[in-house]
Every structure is written in C-alpha cells, then in structure tokens.
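Have a look at the structure below before the remarks.
The values are calculated or read from the model by the stated rules, or taken from the named source; none is laboratory data. What you see is a predicted model; the values in this text were computed from it and never measured. Quick reminder, even Gly has a Cβ in these numbers, built from the backbone with ideal geometry, and neighbours come from all protein chains shown.
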Amino acid sequence: MNEQLTLYQLTVIQAYRNILDEIKALLPQYPTRQMRTYIERGQVENVNPCEHFLYSPMLTLSLMIDDRDTVISFSRNHELRWRVPRQLETALIRTIYRHTEKTATAVNIEDCLEPLYYVDEILGEAEGMLRRRRKGYKRIVVKFKEA
C-alpha cells in the first residue's frame, strides 16, 4: 500500500526527522561508547505505511504511520540518567516535545506523541535481530566529542 499522506502525517514525518537529527547530534557528547551506540531500523519515507525505530541504551524512538494511526512513540531509560550531566539527560525529551508542540508546526500534531515505559528487553531484541542479520537493522557507534 502506498497511499497519499495527509498534511497531518507529512507534518509528523518532518517533526520526527527533526527529532531524529537533533538526537543524533547530541549523542557525541555522551560519556560512554555504550550510550553513544544505537540501532536503527527502517527509513523515514513519505509513504503509507511508514515505520522507523531507533533503539539505544538512553531511549527508544519510533515513528509509525498506517491507515489507523500516526504516532511518534518514545521512552527514556531512567536507570542511566545519573550517569550523564543533567542537561544531556533532559535534552532528549525536550527535543521531542519542542518539535511536536503546537507552536512548532503549522498543523497541531501534539496528539501524535505516545510516551512509553523503557524496557531493556527491547534493545536486547534489536541486538538479537542484528546478530541474526535481519534486513533493515544497523548499528551505529558515534565518536565522543566534548561540547
């Protein structure tokens, strides 16, 4: 299925791209290699259905668009928050809300957000998919760079 997307869906996709770019730009500042490593699956395309996932020890982020729903889901790992400076720890969530708030876009997309509880097993499942060489999964390790 490759149906035309609505203005709302296109706006959510653009917000998600902005969030993804900004989060990836923050990662070089994280202190450990583990925190700077993430697994990505899917592509952010202007098609229906569309899905993309980012799995990291710090957070999970996903975009799901189909006939029934348009959702940006996210979860933050609260266990690691004490290992990073506070401004970095909060920057991830602030980025998500900043790009989806009512004043950030011409179309109100605030209701596209779905905060979830971070579950370590999700990252483990993504790791398993990588080990089994499942199509569409890739691991990226970002080099450290002081702010």
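Numerical summary
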item: Subset of the range 59-89 [in a helix (DSSP H, G or I) and hydrophobic (A, V, I, L, M, F, W, C)]; result: Leu80, Trp82, Leu88
item: Qualifying residue in the range 25-41 (condition: over 16 Å from Cys112 (Cα atoms), touching a Gly at 6+ places or on another chain (Cβ under 6 Å), outside any helix (DSSP H, G or I) and modelled with pLDDT under 95); result: yes
item: Leading residue by the ranking (farthest from the chain's Cα centre (by Cα)) among those in the range 97-111 that are in contact (Cβ under 8 Å) with a residue 24 or more places away in the chain and surrounded by 12 or more Cβ atoms within 10 Å (Cβ to Cβ); result: Val107
item: Evaluation of Arg139 against (1) outside any strand (DSSP E or B); (2) out of contact with any Lys or Arg (no Cβ under 9 Å at 6 or more places or on another chain); (3) under 16 Å from Tyr55 (Cα atoms) (one fails), failing number; result: (1)
item: Residue within the range 113-136 that is surrounded by fewer than 12 Cβ atoms within 10 Å (Cβ to Cβ), closer than 13 Å to Leu26 by Cβ and modelled with pLDDT of 85 or more present; result: no
item: Answer residue from the range 137-147, given it is among the hydrophobic types (A, V, I, L, M, F, W, C) and within 27 Å of Val12 (Cβ to Cβ) and is surrounded by the fewest Cβ atoms within 10 Å (Cβ to Cβ) among those; result: Ile140
